[in-house]
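To keep things clear, I will list the structure first and then write my remarks on it.
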Amino acid sequence: IYQCDWSSDVCSSDLNPRSVWRIKREKLPKDFPKTHPGDLVALDAIIEFIGPSFKKIYIITAIDIATRIGLAVVTDSLSSKKTARLLESMQKVLQIPIQGVLTDNGGEFLKHFHSATTKANIKHFFTRPRTPKDNAIAERFNGILQKGWYWRVDLTQPIQDLNESLFKWLLEYNLLRPHESLNNVPPLAVYFKQFYSSRIQHQRVDLRLWNRTNYC
């Protein structure tokens, strides 16, 4: 799984009252494909208050709808630059062009993030305001992450330590954890079946690319 240094990018909020209305908010069509890796990636953000001073930390999440491969990162600020970087990380993990993304209407998914989707020819779809059910799979992933990881760790730790802990949990989630929605197999098994098996037949892809993990 691709890991990058998030501590080096400190960004201020990108929410601009005018920019909110400059982007056409296209809704996700019911017939938009979601069956292959990269067809649709859903992103979301979680805000958590920690300590007696109620300091804010943010967890940005992304999940590939077809394979349920999930990524997340902890940051001390929420900006469209950081959501764009997480999308870039997902692109490197999937190793296949992303066709569409689904987000809410938050400012962290405007400006740099929306510009990145435009440059990469990725369709950017928005949920309806105050309608989390429009992004149900991302919300489900958030719930799994809450129960499986951040309710069990000390969130007052430095951001770097939190991300190291989160990265280990993501490895377990993607490589080992059986998913009921995937017939009780982990996301990576679905990824191999839907993407790598076809590439092996036609492009002779070497599976030793993934040998850096014990599970594979």
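The values are calculated or read from the model by the stated rules, or taken from the named source; none is laboratory data. A quick note: this is a predicted structure, and the numbers were derived from the prediction, not measured. Quick reminder, even Gly has a Cβ in these numbers, built from the backbone with ideal geometry, and neighbours come from all protein chains shown. Note: areas computed on protein heavy atoms with side chains; ligands, DNA, RNA excluded. Shrake-Rupley method; radii C 1.70, N 1.55, O 1.52, S 1.80 Å.
For segment 60-69, filtering for residues that are buried (at least 23 other Cβ atoms within 10 Å of the Cβ) and out of contact with any helix residue (DSSP H, G or I) (no Cβ under 6 Å at 6 or more places or on another chain) leaves 1.
Are any residues in segment 81-133 over 20 Å from Leu28 (Cα atoms), open to solvent by 10 Å² or more (accessible area, probe 1.4 Å) and hydrophobic (A, V, I, L, M, F, W, C), and if so, which ones? Once the filter is applied, which keeps residues that are over 20 Å from Leu28 (Cα atoms), open to solvent by 10 Å² or more (accessible area, probe 1.4 Å) and hydrophobic (A, V, I, L, M, F, W, C), segment 81-133 yields Val93, Ile96. Listed by first and then second residue, the pairs linking a residue in segment 96-120 that is in contact (Cβ under 8 Å) with a residue 24 or more places away in the chain to a residue that is among the basic types (Lys, Arg) and assigned to a strand (DSSP E or B), with Cβ atoms under 8 Å apart and 6 or more places separating them unless they lie on different chains, are Gln99/Lys123; Gly100/Lys123; Val101/Lys123; Thr117/Lys123. Taking the criterion of being open to solvent by 10 Å² or more (accessible area, probe 1.4 Å) and part of a loop (DSSP other than H, G, I, E, B), the residues of segment 70-80 that qualify are Asp76, Ser77, Leu78. For segment 150-168, the tally of residues that are at pLDDT below 95 and either in a strand (DSSP E or B) or crowded, with 19+ Cβ neighbours inside 10 Å (or both) stands at 1. If you filter segment 175-206 down to residues that are among the charged types (D, E, K, R) and surrounded by 12 or more Cβ atoms within 10 Å (Cβ to Cβ), you find that the one that is modelled with the highest pLDDT is Arg177. Restricting attention to segment 134-147 and to residues that are within 14 Å of the chain's Cα centre (by Cα) and of a type outside the set (A, V, I, L, M), the residue that is surrounded by the fewest Cβ atoms within 10 Å (Cβ to Cβ) turns out to be Gly143.
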